[in-house]
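For reference, the structure is listed below as structure tokens.
The values are calculated or read from the model by the stated rules, or taken from the named source; none is laboratory data. Please read these numbers as outputs of a predicted model, since none were measured by experiment. All Cβ positions, glycine included, derive from the backbone under ideal geometry; neighbour counts span all protein chains shown. Please note that ligands, DNA and RNA were not included when accessible areas were found on the heavy atoms of the full protein model with its side chains. Shrake-Rupley method; radii C 1.70, N 1.55, O 1.52, S 1.80 Å.
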Amino acid sequence: MLRFALRRFAWSVPVVLIASFLLFWAVRATFDPVAKLRQGHDAGAVQREIERLGLDRSIPEQYVLWMKGFLTGDWGTSTRTGGSVSSLVGSALWPTLQLMFWGVLLAAFVALAIGVYTAVRQYSAGDYVLSGLAYVGISLPAFWFGLVLIQLVAVWPVQSLGWSEPPFYFVGLHSPGTSGFNLDYLRHLVLPLATLTVTLTASWSRFARTSMLDVLSSDYVRTARAKGVPPRAIVLRHALRNALAPFVTIVALDTGVLFGGLIVTEQIYSIPGMGRLFLQSLQAGDVFVLVPWMFVVAIAVVFFNLMADLSYALLDPKVKLR
Amino acid sequence: MPDFLLARRRGHTALIAVLLAAGVTACGSSGGGGGTVNGAGGGSSTTSSASGASGGTLVVGAEQEPDCADWIAVCAGNIWGSYTMQVTTLPTAFDTREQDGRWALVPSDVLAGEPQVEVRGDTQTITYRIAPEAVWSDGTPISSRDFEYTALQIRDGEGIFDKTGYDLIESVETPDEKTAVVKLRSTFGPWRSLFGGSYSILPEHLLRGRDRDKIMKDGYSFSGGPWKIEKWQKGTSVTLVPNDRYWGDKPKLDKVVFQFIPDTSAAFQALKSGQVQSLYPTPQVDAISQIKAGIPNTRVEVDAETGNLEALWMNNGRFPLDDEAVRKALAYAVDRKAITERLYGPLGVSEPAQSFISPLVGAFAGSDFDVYTPDPARVEELMTGAGWSRGGDGIWAKDGKKAEMTITSLAGNKRRELTEQILQQQLKEAGFTLKITNTTPAEIFSKLAPAGDFQLGLWTLIDQYPEPSLSASFSSTSIPTKANGNSGINFYRANIPGLDQELRTVDISVDQAQRRAASLRADALIAAAVPSLPIATVPNVLMTNDAIGGPISINPSEGPWWNLEEWTRGQ
């Protein structure tokens, strides 16, 4: 297992390097790193900055310089804020990780429960209702659903019921001046989590259902039934573990994508995470943030791909680790 | 999505991802849904709300987060930094205030009176006398050394946002603690913008010999204004608390929190649900719709007399806009009043802009563009006179080339997209084809515009204080070239005979009457050549909960919270 993991990790390195070079090249070709300085009349300042940053060198040379800095913790300085890029990305990672952790945990648990239920009760009324809701969930645009949630759950109680404050908040993850895991945090977490998890839960529940149906129709399950194994034991002990492998794979793959894919949720709920950082940097043409941002997201995607492979092998004994 | 504008200063502009500058208010009509709209117009009015109690916390929804708080550094171009922290915490020599119906820079309470100005030949000397009671938040008097430190930091520093005016400083003398004498190598018309305008006075005793940028960029603890920064929680909020040592009127509120809410819809919902009590939204299509629909318990101030000028920018160096007749024909083909009414009509704003000088600098503006009203006959006359003829499809053509143009603006900006669609329709009727290719602001302002790789553009210029700055946009020396390191924002390649001289007079003369006359002549020259076409002044909108009291009004330069110390909060 360890050897397999190391080999897969080793294969990931060139993938990450190639991806990082392509990203570096694409961003450098698209944006002018000293655009902000060019708006002034100080041509000397532009030239000094070009020389200081090595922008007069070839793209491969610049890439090597940048990669050296990245690996040694010097991620450069943001042209937008003048601050350290590593601090910016680090600060943005934490809120995103919180959303991802709670979102993936909640969505995976609920999706699995729905998937198992709808597979076991195939073609029942519950299956039809939950399947229908899943299709609705999959097709809900996050920005629209988020705003509807805010209107229904936060604004309506205040405006129509006369409540002094909304039951759930939708600006940030804490009220100004508060921090930590407390009721205020939970009241801020509910709506972004609901927005994030509705689509995840809906799509993952379909995977879980399909996966469970496959397993439930297999020979060994039929044999277990014939031998009189109780239905609950068949589902929980024999079928679920095998059905988990593809489910966990898709969860892991989607989790990697979430690293950079929470732009809408973070924008609507004013959460200063990776998605918002990307949007701000893109609009400002801040190449010194965009490149490391993309690199970090690429690493996350590759890492979770690796996790998916490993978890598949762990959960399904039929998969040989070679 | 945030709106993007191009800020201009004399001789220098910086691209900033900002929302709108501020404006003044005038009373008007009622809005629906229980809210009240105070309508747009010239002049200012101040709305005093229901008497609020002292104390309490005010939470303001801020559309953008400042990039950094080192106000003289390149990173500080975001106008929201000025609104939230700079204006409220740092002293300036001059403030933007209304005088005789016009906005002007007037001596602030840091000064003991109007500075003494002396011109000898080409040189200029300005003597500032500092008010004896003016002190920093640690009790240290604001002194002439602060003026000297600030001036030299800007003049000699690296990574400075804009050195205009400061680069003319020959010396700053400090004959005594409360007198600063600034000598300029040559005269500088907008001298009142020194130690004011976009910049503030910095505390020498806390910064000299230390890394100013490091101390200030993430927020600073000192203050020379009514408020001081308690905390800047990056990505989330800025919190201000009263500066107990402020020598003027003390703030009535206990605390003000600017909470960053980049999504306009979410910001409006936050106002409706009471999570924030004040908003200053960009007048985008969706925001205007919501205002029109009415927001309960909310007062809306609208002002059209702002520093934000939206224009149709033409590349005078590219076919077919290199032909003055075509540019004029476009000016006669576009119904600017219809566009303005469509965009801002619900806010009570319907008059198009008639100058490239914004209303904030109205004292220097003419109205020469008012001759350009829709006139199909004039379009025909101009185009045929220049050798163009209509093809079978009704589109003008000359030498086998059609009058086809591409317009570039900011992708995702609904207001601009709507404007483009209206322009497309209006120009089609006049025989021009208009294609729309929008992209990111970074692409436009860092590549396409400086390289002249566009035909038509649609974006906003912003005047940040009441001093004219046409030279930045229309002087031939501001055309980006290799020789000047592609700096300057005359992206339009405008080169109008006689204009540079007039603009230079505006920039260097210290005689206000002479400057005004030159500015009016420059305005007329620009209108005659139509290097681009002003469309509308983008109005400012301030929304406050009814429980907020004060004199509440928008200052087009310093923002809507310029007098925050006078605001109160009731129940």
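Just a few scattered comments:
- The set of residues from segment A:22-36 being more than 11 Å from chain B (Cβ to nearest Cβ) and either β-branched (Val, Ile, Thr) or free of Cβ contacts under 8 Å to residues at least 60 places away in the same chain (or both) comprises A:Leu22, A:Trp25, A:Ala26.
- Restricting B:Phe147, B:Phe195 to those that are farther than 22 Å from B:Gly77 by Cβ, more than 14 Å from chain A (Cβ to nearest Cβ) and aromatic (Phe, Trp, Tyr) reduces the list to B:Phe147.
- Some residue of segment B:294-302 being polar (S, T, N, Q), open to solvent by 20 Å² or more (accessible area, probe 1.4 Å) and under 15 Å from B:Leu542 (Cα atoms): yes
- Within the option set B:Arg521, B:Arg493, being of a type outside the set (A, V, I, L, M, F, W, C), outside any loop (DSSP other than H, G, I, E, B) and either modelled with pLDDT of 95 or more or crowded, with 22+ Cβ neighbours inside 10 Å (or both) holds for one residue only, B:Arg521.
- Residues located in segment B:476-496, provided they are touching a residue at least 24 places away in the same chain (Cβ under 8 Å) and more than 11 Å from every other protein chain (Cβ to nearest Cβ): B:Ser476, B:Tyr492, B:Arg493, B:Ala494, B:Asn495, B:Ile496
- Counting residues in segment A:89-99 that are open to solvent by 20 Å² or more (accessible area, probe 1.4 Å), facing chain B (nearest Cβ under 9 Å) and not aromatic (Phe, Trp, Tyr) gives one or more.
- Selection within segment B:391-421 - in contact (Cβ under 8 Å) with a residue 40 or more places away in the chain and within 25 Å of the chain's Cα centre (by Cα): B:Ile407, B:Thr408, B:Ser409, B:Leu410, B:Gly412, B:Asn413, B:Lys414, B:Arg415, B:Arg416, B:Leu418, B:Thr419
- Qualifying residue in segment A:46-60 (condition: more than 14 Å from chain B (Cβ to nearest Cβ) and among the hydrophobic types (A, V, I, L, M, F, W, C)): yes
- Every residue from segment B:119-168 that is open to solvent by less than 50 Å² (accessible area, probe 1.4 Å) and part of a strand (DSSP E or B): B:Gln124, B:Thr125, B:Ile126, B:Thr127, B:Tyr128, B:Ile130, B:Val135, B:Pro141, B:Ile160
- A:Leu186 vs. criteria within 19 Å of the chain's Cα centre (by Cα) and assigned to a helix (DSSP H, G or I): no
- Some residue of segment B:452-468 being surrounded by 16 or more Cβ atoms within 10 Å (Cβ to Cβ), away from chain A (no Cβ under 14 Å) and without any contact (Cβ under 8 Å) to a residue 40 or more places away in the chain: no
- Segment A:178-201 residues that are within 13 Å of A:Ile150 (Cα to Cα), paired with ones that are assigned to a helix (DSSP H, G or I) and open to solvent by 50 Å² or more (accessible area, probe 1.4 Å) (beta carbon under 7 Å, 6 or more apart): A:Leu189/A:Trp102; A:Leu193/A:Trp102; A:Leu193/A:Leu106
- Looking only at segment A:143-184, and only at residues there that are of a type in the set (A, V, I, L, M) and touching a helix residue (DSSP H, G or I) at 6+ places or on another chain (Cβ under 6 Å), the one that is farthest from the other protein chains (Cβ to nearest Cβ): A:Leu149
- Test: residue in segment A:107-130 that is of a type in the set (Ser, Thr, Tyr), closer than 30 Å to A:Leu17 by Cβ, in contact with a Gly (Cβ under 9 Å, 6 or more places away or on another chain) and open to solvent by 20 Å² or more (accessible area, probe 1.4 Å): no
- Each residue in segment B:426-449 was checked for being within 14 Å of chain A (Cβ to nearest Cβ), assigned to a helix (DSSP H, G or I), in contact with a helix residue (DSSP H, G or I) (Cβ under 9 Å, 6 or more places away or on another chain) and open to solvent by 10 Å² or more (accessible area, probe 1.4 Å), and 4 of them qualify.
- Candidate set: segment B:67-103, residues that are in a strand (DSSP E or B) and in contact with a helix residue (DSSP H, G or I) (Cβ under 7 Å, 6 or more places away or on another chain); chosen: the one farthest from B:Asp146 (Cα to Cα): B:Arg102
- Residues of segment A:207-217 include at least one that is among the small types (Gly, Ala, Ser), more than 25 Å from A:Phe259 (Cα to Cα) and touching a residue at least 40 places away in the same chain (Cβ under 8 Å).
- Residues that are open to solvent by less than 50 Å² (accessible area, probe 1.4 Å), closer than 23 Å to B:Lys447 by Cα and not in a helix (DSSP H, G or I), drawn from segment B:394-425: B:Met405, B:Thr406, B:Ile407, B:Thr408, B:Ser409, B:Leu410, B:Gly412, B:Asn413
- Hits in segment B:476-487 (condition: at pLDDT 90 or above and either of a type outside the set (Ser, Thr, Tyr) or open to solvent by less than 10 Å² (accessible area, probe 1.4 Å) (or both)): B:Ile479
- Count of segment B:346-388 residues which are closer than 19 Å to B:Ile422 by Cβ, more than 21 Å from the chain's Cα centre (by Cα) and open to solvent by 30 Å² or more (accessible area, probe 1.4 Å): 5
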